[in-house]
Each structure stands twice: as structure tokens, then as C-alpha cells.
Amino acid sequence: MTYAVIGTGAIGGFYGARLARSGQQVHFLLHSDYEYVKEHGLQVDSCDGSFHLDHPLVWNDTKLMPACDVVLVGLKTVNNHLLPRLLPPLLHERTLVVLIQNGIGVEEDVQRDFPGVQLAAGLAFICSAKAGPGLVSHQCYGQINLANYSCRDEQLMQQVLADLNAAGIKAGQVEYHEARWKKAVWNMPFNGMTVALHTQTDLLLRHPATRQLIRQQMMEVIGAAQHLGVKNIDERFADLMISMTDEMTPYSPSMRLDYDFHRPMELGYLYAKPIKMASEAGYAMPRLEMLMHELQYLEAQQ
């Protein structure tokens, strides 16, 4: 199996590097880090054991890259407008594109641009950040689940899961809608609240008022999912997410880092789209809608 990584940052860099270290052929697309990684390699500082790829297969243009069996997309969704240019050279008739991205409705929009391409969602449960040129800092967790959106080749899905597990990455297959909304239960409260209150995950849960608000926001996501017919999601999952975050290393989620570094925030798929879908199903998300408006204001001031 050959893999390509589009978006060699905190997520794509970590999973791609682990696959390459296990012996898979992985082609990395790089932009600003291309010359550095070509000369110095790719470093992963990890709680599970650090390692270095001395000579990764790196490229600065997908037109020069080979078509691959699997493409891992680690781009932020605000950059998905680049996919019609970046993806085609990497595709053959059986390629599976795994969107390791945040939010609700991502696959629907990408499928519209690539009608015949096989898509899966990649749901990463990981605390990881790009800490410098060619440097990924993995702080805790690391599991990834795959959810089939339009993959016609079940054997291919199973092979990707086997490759991930062989690389030391805990990976499983989950139902698409359930997986996307369960990920949103954590993402919608914590990403936005760390920006709006300029804080980290641990401090939000340490104060009784914000801990209560986080849980209320989680319950809005769960309520929206239930109104949209999503199964196996209830308030027990909110408690599980809070308990998991209590044990997590103090963390600044990706949206907080984007805001701090004056990059666009992923407001569309993380907030606007799920809030709109819930509203159309007759369910309001007032706390998260207010948070979205606060984030829109903060972004406009930058």
C-alpha cells in the first residue's frame, strides 16, 4: 500500500510518520517546511516514544507525486478549496481519501467536488501540535477511528486499519454519523471556549461555572445529534468526554492555536453547519450559537 499525506502538520505529520516508520511507503506534501525536512528529516516528539525519519519521501507539488492507494488529508477545512488542485494527481480508480478533519458535513462537500472518489472520515483522538519546522509534538492519546462515507472496497478499509494498528496506532471502524457527532461533542465546546476565554482545557474544567457550561454545551451537541437520528449518543458520553479531559495533559486545541497565530478558524464545519442542520431539524443550540458569534467577532478583530 502506498500512502500520501496532504497537510503534514500536527495530525497528518504524526500518523504519516508512524506509518512510514512501520515500513509503509508514505509520500508527504510539504509547503513552508519542504527544504528543511528534505535536509533534516521529520522529528516526532511523542509521549509514546520519540523518533526521527531521516529521509522521508517529501514533495512540494502533488503534480510530481505518484498516485497512491490512500490519501490522508490533514489540512484544516478552511483550506479545502485547495483540494480540487491538490488531490487529482494522487488519485487512481481505487484510491481511498481519508479526511482527518474536524466538523460536520465535510465529506458531503468534498464528495460534490469528487463524485466518484472513495471517501472515509478519520476521527483522531489525539493531543498533538506542530512545534517547529519538521517537528511534531505528540502529548497524549493518539487513537484514530475510520468511518466509511463512500468507500466501495471494504477490503481496502480493513487494510488501512490493519496498517495503522501495525504502526502502533490504535484504530477501529465506526459508524459515520455517530462518529462525526461524537467528535463534535468535544470539539464544539473546547475549541471555541479556549479561544473565547483565552485559556486551556484543564482550566475550563477546574472552575465550576465553566465546567457546568462545557457540559451544557456538550448536551446541546448530543441533543442536536439525537434530533438528526444519530444513535448511541446520550449524556453518558458527555460525562465520558469530561472525565477523559480531566485526565488529559493541559492542552490548547487546534482552534486556539489558529487564533493565537492569526490563522483562520474552522468556524464553518465546527459551528455554522451543525447549528444550521440542528435548526432545520427543529432543535436550537443557543449556547453554541452564542459562542460561534463571539468567535466570529474575535476573528474579525485580528
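Those strands (runs of 3 or more DSSP E) of the stretch 1-56 in which at least 3 residues are over 21 Å from Cys127 (Cβ atoms) and open to solvent by less than 30 Å² (accessible area, probe 1.4 Å), considering only elements entirely within it, cover 2-6, 25-29. Given the criteria of a type outside the set (D, E, K, R) and under 18 Å from the mean Cα position of the chain (by Cα), does Val26 qualify? No, not satisfied.
Of the conditions (1) open to solvent by 30 Å² or more (accessible area, probe 1.4 Å); (2) over 24 Å from Thr8 (Cβ atoms); (3) touching a residue at least 12 places away in the same chain (Cβ under 8 Å), Gln155 clears all except one; give me its number. Gln155 satisfies every listed condition except (3).
Go through the stretch 57-72 and give me each residue that's open to solvent by 30 Å² or more (accessible area, probe 1.4 Å) and either outside any loop (DSSP other than H, G, I, E, B) or touching a Ser or Thr at 6+ places or on another chain (Cβ under 6 Å) (or both).
Leu57, Trp59, Lys63, Leu64, Asp69
Given the criteria surrounded by 14 or more Cβ atoms within 10 Å (Cβ to Cβ), within 24 Å of Tyr3 (Cβ to Cβ) and over 16 Å from the mean Cα position of the chain (by Cα), does Gly223 qualify? No. Answer with yes or no whether Gln118 is closer than 30 Å to Lys276 by Cα, of a type outside the set (Val, Ile, Thr) and either at pLDDT below 95 or out of contact with any Cys (no Cβ under 6 Å at 6 or more places or on another chain) (or both). Judged against the criteria, Gln118 is not a match. The residue of the stretch 98-152 that is surrounded by the most Cβ atoms within 10 Å (Cβ to Cβ), among those that are β-branched (Val, Ile, Thr) and not in a strand (DSSP E or B), is Ile104. For the condition touching a Leu at 6+ places or on another chain (Cβ under 9 Å), in a loop (DSSP other than H, G, I, E, B) and either of a type in the set (A, V, I, L, M, F, W, C) or open to solvent by 60 Å² or more (accessible area, probe 1.4 Å) (or both), what is the one hit in Met277, Met255, Met292, Met265? Within the list Met277, Met255, Met292, Met265, the selection yields Met265. Can you confirm whether Val73 is in contact with a Pro (Cβ under 6 Å, 6 or more places away or on another chain) and either under 25 Å from Asp163 (Cα atoms) or in contact (Cβ under 8 Å) with a residue 24 or more places away in the chain (or both)? Judged against the criteria, Val73 is not a match.
Of all residues in the stretch 217-229, those that are among the polar types (S, T, N, Q) have Cβ atoms under 6 Å from Cβ atoms of residues that are open to solvent by 60 Å² or more (accessible area, probe 1.4 Å), 6 or more apart or on another chain, in Gln217/Arg287. When the stretch 258-288 is filtered for residues that are among the charged types (D, E, K, R) and within 15 Å of Ile104 (Cα to Cα), the ones remaining, listed by number, are Glu266, Lys273, Lys276, Glu280.
The values are calculated or read from the model by the stated rules, or taken from the named source; none is laboratory data. Here the structure is a predicted model, which is why all the values come from computation and not from measurement. For neighbour counting, all protein chains shown are included, and Cβ atoms are generated from backbone atoms with ideal geometry for every residue, glycine included. The area values use the complete protein model at the heavy-atom level, side chains included, leaving out ligands, DNA and RNA. Shrake-Rupley method; radii C 1.70, N 1.55, O 1.52, S 1.80 Å.
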